[in-house]
Amino acid sequence: MNKFKITTVAAAFAMTANVAYAEVEISWWHAMGGALGETVNQIAEDFNASQDDYKITPVFKGTYEETLTAGIAAFRAGEQPNVLQVFDAGAATVIGAKGATVPVQDLLIDNGVNFDINDYISGVRYFYADSDDKMIGMPFNSSSPILYYNMQAMEKAGVTAPKTWEEFQTVTAPALKAAGYTALSQSHLPWIFTENFMSRHDLPFATNNNGYDGTDGTKILVNNDAIKAHFTAVTEWQENGYFEWFGTGWGDNQTPFEEGKVAIWLGSSGSFGGLSKKDLPFDFSATLLPYWEAVTTEPKQTFIGGASLFAMAGHDAADNAATAAFFKFLTSPEVQYFWHKETGYVPVTEAAYDMATKDGHYDRLPAAEVGIQQLSLPAGENTKGYRMGFYVQIRDVMNREYGRILTGETSVEDAFAAIETEANALLARFAKTQN
Amino acid sequence: MKRAGFSTRWLPILLLVPQLAIIAIFFYWPAVHAVQSSFYLQDPFGFGSTYVGVDNYADLANSGEYLKIARFTLIFTVLVTFFSLGLALLLAVKADNVIRGARSYRTLLMWVYAVAPPVAGFIGLIMFNQSWGPLTELARSVGWDFKLGVNFNDTATAMVLVSVWKQVPVNFIFFLSGLQSIPKAVREAALIDNRSATGRFWDVTFPLLAPTGFFLLIINITYALFDTFGIIDTLVKGEPGNNPMTLVYKVYVDGFRGNDLGGSSAQSVVLMVLVLALTVFQFRLIERRIHYT
């Protein structure tokens, strides 16, 4: 008996020692709270269960901004995680800091993982790439702004979801107003009505190839007639009771749609999962983001929003091999399809998109396909992405000025002049930090 | 009178060392760093920094937005200080007169003291919720279409209200103990000289409360300038947008949200100078004119 006990203990000890020796532990800092966070944890658990060599630990770090700041502070202290989630607006900061990350394309190839950028759907391919089209960050939770609508409201008003803004202001909005609804709200003015306004209409957003060709002399091109006409129209919609703005916060603009007061809401394709899980008092569907026929008759694909995963530099080869293995797992069609189904974020590879199609996911939920359809529309010269430094602050300036337009504190003309001046000053400051 | 003293010179210094070390590590060292980095422009990841002289300060002085924020901070500080002191004094004078159930009244008035600023902000968010907040509905019932996070003045009002609500109990406790330390003889003498309660308050009670009031004035100014951070951050939901903000919140927004360390450091140096000026003002100008008993 005693002997048996000793051998078991010894064996158990040997096993744990063995595991501890062989298993490489890596960390993953992310900004996915709530239900999204649970899905992230599930993916990490599945990865850990799928093999014995590596173990990844996800850590929730707060909002996108907080996660980026935490990652930067950790890097400066030499305590950086292996994988850091960075959102679209932070891309220029992290990609500009050469030596802070290991380009994901190099990481995968060096660790013997097959990599072909064309495996990725066209809308996500180059957003986190450098000017030579090398992928630096791994697209993770990719989304695009799409139009959600309350089906009962549309039926009551006798209209369909608008394809163009012209249709919205002449047909859809008046009918919805007559039926007792506020026609429209949206959740992110810089993202939906600025960045993606540019890509949808194929307008340049910044000089130097939208900022991809370097920081020196990059200037924002936001002060143009098309977008000013758009914002002038938005203020008219607001006066006519077609549009309401509930502040800069995302949720404050989504809630009135969920309550059935607002008939059309512009949000993220990644909001689909959350909306589906809620017990809404109506049925909803989604369609592509409208465009102005006066600006273009050939609307293009939009930019991706959301965030990507960066492999932080300064880790040893074993750690990097673990990170590469995790990225390989993450981009496998099965995992992408799981993530897509659970959250509504688009699958980032063609293979995963195929798998979802073949599985009948879009027959069951046609609205789930809208985001990826929009990202797969024809590309234009200006739809690859944009790269501007201190972009978080530039967005804050936009939010401030847009808020002032919508509360009548400033005019469209003055607001865009202010955005242009302040954004260019920030870009010039950022260019100085990069030398 | 017997004076206590140390027999050696080194013992007191030794005893002071922990305190001095804490001050040096947690105050002087970061302060020196802030001053230093305010003259540089830094890459967020710390790969390089460029010396830019006083550019960061010049940018601040030339920024219309920064001056707007400074103006808001001033108005906000005056309003918060005035109303939290005024309300607390009123409540303390009234509570001082209550005889029956005094203890329960006082406890209820002090209660909010235990609430942390972000929690106070969160309670504010609930009270001012756009679609069902009780205070929003109250405002609407009197024809004020109150919109937190949309309208600048409405958001500013909510910030002042929550900040005052949070600070009144602290002031109340100090004022009440100040009132209770006024000798009974003095009050009785005043009662003979002046029959008007208001007159007695301004002639006798208020001057005797001056040391407490002055101390609270300084405490409240620093509270409004710095400690309201949590309330502001919660009320704007972390999205500055077109919402009002104070200078301290701006330091955070630029440094920790925007990763512009040079610009943010320059702003915090400006605040340091402000605090220094406030301290000099406290000791040099006012302290002399108030008599502590």
>> Can you find, among B:Ala120, B:Ala190, A:Thr383, the residue sitting farthest towards the positive end of the charge dipole of the protein assembly as shown, where Lys and Arg contribute +1 and Asp and Glu -1 at Cβ?
In response: B:Ala190
> Along the charge dipole of chain A, which of A:Asn118, A:Gly306, A:Ser285 sits closest to the positive end, that is, farthest toward it, with unit charges on the beta carbon of Lys, Arg, Asp and Glu (+1, +1, -1, -1)?
Replying inline: A:Gly306
> Roughly how big is chain B's charge dipole about its Cα centre, with Cβ charges of +1 (Lys, Arg) and -1 (Asp, Glu), in debye to the nearest 20?
Replying inline: 1400
> Going by a 1.4 Å probe on protein heavy atoms, which residues of segment B:115-135 end up with at least 10 Å² less accessible surface in the whole assembly than in their chain alone?
Replying inline: B:Gln130, B:Ser131
> So, in Å, what gap is there between the alpha-carbon centers of segment B:197-262 and segment A:149-184?
Replying inline: 46
> What order do A:Thr296, B:Thr198, B:Thr136 take when sorted by accessible area (1.4 Å probe), most exposed first?
Replying inline: B:Thr198, A:Thr296, B:Thr136
> Rounded, prolate or oblate: which one fits segment B:199-293, using the alpha carbon gyration tensor with axes a ≥ b ≥ c (rounded when a/c is under 1.5, else prolate when a/b beats b/c, else oblate)?
Replying inline: oblate
> Short version: ³J(HN,Hα) in whole Hz for each residue of segment A:280-291, in order, from phi by Karplus 6.51 cos²θ - 1.76 cosθ + 1.60 (θ = phi - 60°), x for Gly and Pro, what are they?
Replying inline: 6, x, 7, 8, 10, 9, 9, 8, 5, 5, x, 9
> Using a Förster distance of 25 Å, how high is the FRET efficiency between A:Thr63 and A:Ala428, based on the Cβ-Cβ distance and rounded to 0.05?
Replying inline: 0.40
>> As an exercise, use a Förster radius of 25 Å and the Cβ-Cβ distance of B:Phe214 and B:Phe27 to find the FRET efficiency, rounded to the nearest 0.05.
In response: 0.55
> Rounded to a whole number, what % of the accessible area of chain A do carbon and sulfur atoms account for, probe 1.4 Å?
Replying inline: 52
> With the other protein chains left in place, how much accessible area per residue, in square angstrom, belongs to the protein assembly as shown at a 1.4 angstrom probe?
Replying inline: 46
> When only the heavy atoms of the protein chains count and the probe is 1.4 Å, how do A:Arg395, A:Arg125 rank by accessible area, highest first?
Replying inline: A:Arg125, A:Arg395
> Per-residue accessible area for A:His188 at 1.4 Å probe radius, Å² rounded to 10?
Replying inline: 40
>> Calculate the FRET efficiency for A:Glu293 and A:Asp119 from the Cβ-Cβ distance with a Förster distance of 35 Å, rounded to the nearest 0.05.
In response: 0.50
>> Please check segment A:241-270 for residues whose accessible area, probe 1.4 Å, is lower by 10 Å² or more when all protein chains are in place than in their chain alone.
In response: A:Glu244, A:Trp245, A:Phe246, A:Gly247, A:Thr248, A:Gly249, A:Asp252, A:Glu259, A:Lys261
> What shape does chain B have by the C-alpha gyration tensor, where a ≥ b ≥ c are the square roots of the eigenvalues, rounded means a/c under 1.5, and otherwise prolate means a/b greater than b/c and oblate the rest?
Replying inline: oblate
>> Computing the accessible area with a 1.4 Å probe over protein heavy atoms, can you report the carbon and sulfur percentage for segment B:46-289?
In response: 68
>> Using Cα-Cα distances under 8 Å and only pairs 6 or more residues apart, what relative contact order does segment A:223-322 have, in percent?
In response: 15
>> What does the buried accessible surface come to for B and A, summed over both chains, with the probe at 1.4 Å? Round to 100 Å².
In response: 3200
>> Suppose we compare each residue of segment B:240-254 in its chain alone and in the full protein complex with a 1.4 Å probe; which ones drop by at least 50 Å² of accessible area?
In response: B:Gly241, B:Asn242
> Over the heavy atoms of B:Ile22, what accessible area does a 1.4 Å probe trace out, to the nearest 10 Å²?
Replying inline: 100
> Under the rule of -39500 (n - 2.57) per DSSP H run of 4 or more residues, summed and divided by the residues of the protein assembly as shown, what mean residue ellipticity at 222 nm is obtained, to the nearest 500 deg cm²/dmol?
Replying inline: -16500 deg cm²/dmol
> Once phi is turned into ³J(HN,Hα) by the Karplus curve 6.51 cos²θ - 1.76 cosθ + 1.60 with θ = phi - 60°, what whole-Hz value does each residue of segment B:261-267 show in order, with x for glycine and proline?
Replying inline: 6, x, x, 5, 5, 4, 5
>> No solvent, one uniform scatterer per C-alpha: report log10 I(q)/I(0) for the protein assembly as shown via the Debye equation at q = 0.05, 0.09, 0.10, 0.11 1/Å, two decimals.
In response: -0.32, -0.92, -1.08, -1.24
> In segment B:115-203, which trypsin sites (Lys or Arg not before Pro) fall in coil by DSSP and have 16 or fewer other Cβ atoms within 10 Å?
Replying inline: B:Arg195
> What does the charge dipole of the protein assembly as shown about its Cα centre add up to, to the nearest 20 debye, if the Cβ of each Lys and Arg holds +1 and the Cβ of each Asp and Glu holds -1?
Replying inline: 4100
> Modelled label-to-label distance, B:Val54 and B:Val98, 7 Å Cα→beta-carbon offset: nm?
Replying inline: 5.5
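The values are calculated or read from the model by the stated rules, or taken from the named source; none is laboratory data. Owing to the predicted nature of the structure, the values given are computational and were not obtained by experimental measurement. Positions of Cβ are generated from backbone atoms using ideal geometry, with glycine treated the same way; all protein chains shown enter the neighbour counts. The area values use the complete protein model at the heavy-atom level, side chains included, leaving out ligands, DNA and RNA. Shrake-Rupley method; radii C 1.70, N 1.55, O 1.52, S 1.80 Å.
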